[in-house]
Each structure stands twice: as structure tokens, then as C-alpha cells.
Amino acid sequence: MIDKIIKRDGRIVEFNREKITMAVLQAAISVGGRDKKTAGRVTDDVVRMLEAEYTAGNYPTVEEVQDLVEKCLIERGHAKTAKAFIIYRYEHTLKRLGKQNLTYSQDNIPYRKLWQALSWGIDKGCVFLKQIGDHIGRGTFSELVASSERFYEDEIKDAVKLILDRIAEIRIIIVAGPSSSGKTTTTTKIDDILKDHGYRLKTLNVDNYYFNLEDQPKDPTGDYDYETPQAIDLELINAHLNTLVRGDTIEVPYYNFKSGNREGVSGTLSLGERDILLIDSLHGLYGDMMKGIGEELKFKLYIETLSQLKDENGLFIRWADVRLLRRMVRDMQYRNYSPKQTIAHWHYVRRSELRYIVSRLKTANVVVNSFLPYELPIMKRRLGHFFEGFIREFEGDTDREDALDRARRVASIFREIPAWEDETVVPKKSILREFIGGSDYSY
């Protein structure tokens, strides 16, 4: 029998099942229900699961109990009540942490965007990984695809509306964000809409400003750390950006990725009256790149895979793990880079993201959520067979501890969902096509 519970401050107090029932009933009342018997049955489910999990002297926390309430409400089909309970819990968590405005926290988390994603997931029956499998089992996977794509397209439309509100003064649009968040497709879609309004994006390819590979640092395994902004000739690109904003012409360098060297000039670039310069870069928000350019001339967009999916233990899956899968597929398909090489290199990606990219999220004018819940079963079909092998290979290798942790997490995700075979359900202009191929866009 569960007789104690651990509160958030660490105190151990008496367990009172009636508090669960009343919390469920309160959520139900907020959406028009008043059936205390149903609330009691949900409580019975929660208590049974607690008793199966916890032995004498081993007590659950308040958070763990609330996770089970969410799970039981969803599994019993009480979607509206589950949404009310989750949102109530979420908002009270923010208040405890002093984040009442649902915008950003001190750790640069866009809480309003997460709230929107969570609310959407509840409405579409897509809060837990298991529910993705349920969509496949019920034959509603194509509907999940369509809903996910509409959500992303609405994100783009909202961002463009903000751009158009300031279009008379903007000279540079910066699309930044971590690796494999979908910056290229996002910029293409933005460009399509702006063309309808008589404006044109002109891209300055930041990749052409890399230093020669021989000048990049290399680790003991032979891997290069080219993920930092310091891998780019910041002084030169900053000078070129200021020149363009003044209305003058630049000669854009050419970087040969086969030789790993800058070799001559790729062409010239200037901005016309209705041209807007596009910077599509991991490090577009890094200060040294944009020195001397007034804030009123810039529109800064940040893109991230803001998943609000939970695993069977009630833990949110990590955004970076979603992007790792995208990059694995892209690297394997277009860059002759194996999944093993990608996951082994990923610690460099994450270190740079946390230091130079995520820390600047708060400076963005808008955040776009590029996560598509349906992409995980597709990624499992393409990559699922690799991860158990990675776990065996990396165990005991001190240089691969980061890769081992990631492999274990992704393998756990894949165990909870089935693979999806038919990729024709993915629209030709989907952001997912940037990684799996078959897009109507040219990359």
C-alpha cells in the first residue's frame, strides 16, 4: 500500500488518494464534466500503478504521481480533461519558477511555444510516444502527418506576418538555430511568401567564409571541430555585411569543401531596393558577425524542434536527439558520412550549440517550431537498426561516453514506436524532405 509521498521540497507526508480524485475532478469541471465516479476510477488506475512500482519504504514524488495521472487520463480517453490537467500543472510550474509571462526563462526556454506545442499534442492525441503507434494502429497516421504539417506551416505564416510588419526597414533576415533544425526549408518558404509581396531574398552563403581546414582544430581521433563561430572568418564576413547594408557590392569567396580551402571568388553580390539579405546560419545571431549593423535593420528568426512528446516514464524526449536523427539521415544520404561518424561527432555540435547558439535564442524576434511528431517512425525505419550496435560498440570506450548516452536514449525511443515504411505520405515540400530527400525544393 502507498502510504507516503515525497513533496517538491523533499518532505515525506501522508499519501491522500482523495487529492488525486479532486485534482482530476477539478480538471473535468473546467471542461464541463462533473463525474466524480470517473475521477475515482482514474485514481484507482494511478494507485494500482504506484503499488506495482513502489515497495515499502520507497515513496513516489508528487511529480511522478502527476505524470501517472496524465497517462491514465489519456489512456482512458479523457482527452479534454487530460489537457486541462496538463495545462493547469504546466502553468503552476511556471509560476513556482517565476516565469508567469510564458515567454522566456533565464535558461532561454521559449515557454509560450512549448505551451502551444503541448496544447496541440493533447488535441491531436500525440502527447506520449505510444500514441504515435496508436495512430498507426488505427490507420490515422496520414491524418497526423497532415496536422503536423499544418502546424509548421502556421508557424511560418506567423513569422512572415511579423516580417511584413517591419518590411520597410529590414535589410537583413537572419535564420539561426541549431544543426538540422530545418533552416534551409524555412527560409525557402519565407522567400516564397515574400515574393508574393514583391520582395526578394538574396542569400549570402556563410559556408564560403570558413577558414581553411588545416587551420581548424583537430581532436585525437582525427575529427575536426568546425561547429564553432570561430571556424568562420568573422572579420571578413562582418566587413562584407556592412558593405552590403551600405548599398555597395562585395566579392563573395568560394570555399571548396572537397579540398577544405577557400579558393578564389564565387561571384559578386549587392542589394537592390526591394532585396533583403538572407543569412541562413547556425551562428547568425553571434554578435561578432553582425557588429556595426543597427538592430532596426535586422529581423532575427530562431528555429528549433520543440518537441513536447513524452516517453513511457513521462520524460520529454530531447530536442537535440530529434535533430541528431535528421542529421544522421542527411549525412548518410548527401555527405558520405556514416551514422556512427555523425553520433561520434555530435558532442562537438552540442557543445557549440549550447555555448554560441541556444544562449542567443532570447534575442530572436520570433521562434519557429519545426518538430513533426510523425517523423520519428520514419526515422526508425531508416536508422533503428543502428542503435543497439552503437550501444555495444561504445560501452567501455571513454572517448565515446557522450555518443553512448545518446545511443541509449534514441534506442529507448525507438522501442516505444513502430517503424513507418511508406514515405509517400510525406509532402514534397515538407521540412522533413530536407533530410530524407525527394523534395520539390532544391538544396
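The rows are residues; the columns are (1) surrounded by fewer than 22 Cβ atoms within 10 Å (Cβ to Cβ); (2) modelled with pLDDT under 95.
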position	(1), (2)
Q308	no, yes
N313	yes, yes
F316	yes, yes
D321	yes, no
R326	no, no
D331	yes, yes
R335	yes, yes
K340	yes, no
R350	yes, yes
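Could you count how many residues in the range 396-440 are surrounded by fewer than 19 Cβ atoms within 10 Å (Cβ to Cβ), at pLDDT 95 or above and part of a loop (DSSP other than H, G, I, E, B)?
Looking only at that region, the number is 10.
Report, ordered by the first and then the second residue, all pairs with beta carbons closer than 7 Å, sequence separation of six or more or different chains, a first member in the range 117-131 that is of a type in the set (V, I, T), and a second member that is part of a strand (DSSP E or B).
Qualifying pairs under 7 Å: V127/K310.
Yes/no matrix, rows are residues, columns are (1) buried (at least 19 other Cβ atoms within 10 Å of the Cβ); (2) within 21 Å of Y88 (Cα to Cα); (3) in contact with a Ser or Thr (Cβ under 9 Å, 6 or more places away or on another chain):
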residue	(1), (2), (3)
V13	no, no, no
T21	yes, yes, yes
A27	yes, yes, yes
G32	no, yes, no
E53	no, no, no
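Here's a check for you: in the range 1-31, which residue that is within 34 Å of the chain's Cα centre (by Cα) and part of a loop (DSSP other than H, G, I, E, B) is farthest from P60 (Cα to Cα)?
Only one residue tops the list, namely V31.
I'm checking my understanding of the structure. Among residues of the range 55-76 that are without any contact (Cβ under 8 Å) to a residue 60 or more places away in the chain and surrounded by 15 or more Cβ atoms within 10 Å (Cβ to Cβ), which one is farthest from K310 (Cα to Cα)?
Residue satisfying both the conditions and the ranking: Y59.
Of all the residues that make up the range 301-322, how many are of a type outside the set (V, I, T) and in a loop (DSSP other than H, G, I, E, B)? Talk me through it step by step, then tell me what you get.
Going residue by residue through the range 301-322, those that are of a type outside the set (V, I, T) are 301-302, 304, 306-316, 318-321.
Retained after the next criterion (residues that are in a loop (DSSP other than H, G, I, E, B)): 306-309, 311-315, 318.
Total satisfying the criteria: 10.
Just to check your reading of the model, which residue among T268, T186 is under 26 Å from R330 (Cα atoms) and not in a loop (DSSP other than H, G, I, E, B)?
T186
Just one of the numbered conditions (1) assigned to a helix (DSSP H, G or I); (2) of a type in the set (S, T, Y); (3) under 19 Å from E155 (Cβ atoms) is not true of S352; which one?
So S352 meets the others, but not (3).
In the range 248-260, is there at least one residue being of a type in the set (G, A, S) and assigned to a helix (DSSP H, G or I)?
Our first condition is that a residue be of a type in the set (G, A, S); within the range 248-260, this holds for 259-260.
Still in the list and also assigned to a helix (DSSP H, G or I): none.
No.
Please determine whether any residue of the range 323-335 is more than 30 Å from V127 (Cβ to Cβ) and not in a helix (DSSP H, G or I).
yes
Can you tell me which residue among I136, I122 is modelled with pLDDT under 95, within 19 Å of G77 (Cβ to Cβ) and either of a type in the set (V, I, T) or surrounded by fewer than 20 Cβ atoms within 10 Å (Cβ to Cβ) (or both)?
Of I136, I122, the one residue that is modelled with pLDDT under 95, within 19 Å of G77 (Cβ to Cβ) and either of a type in the set (V, I, T) or surrounded by fewer than 20 Cβ atoms within 10 Å (Cβ to Cβ) (or both) is I122.
Go through (1) over 17 Å from S181 (Cα atoms); (2) touching a His at 6+ places or on another chain (Cβ under 8 Å); (3) among the hydroxyl-bearing types (S, T, Y) one by one and return the number of the condition T363 breaks.
So the condition that T363 fails would be (2).
The values are calculated or read from the model by the stated rules, or taken from the named source; none is laboratory data. No experiment lies behind these values; they were computed from the predicted model shown. Please note: Cβ atoms are built from the backbone with ideal geometry, for glycine as well, and neighbour counts cover all protein chains shown.
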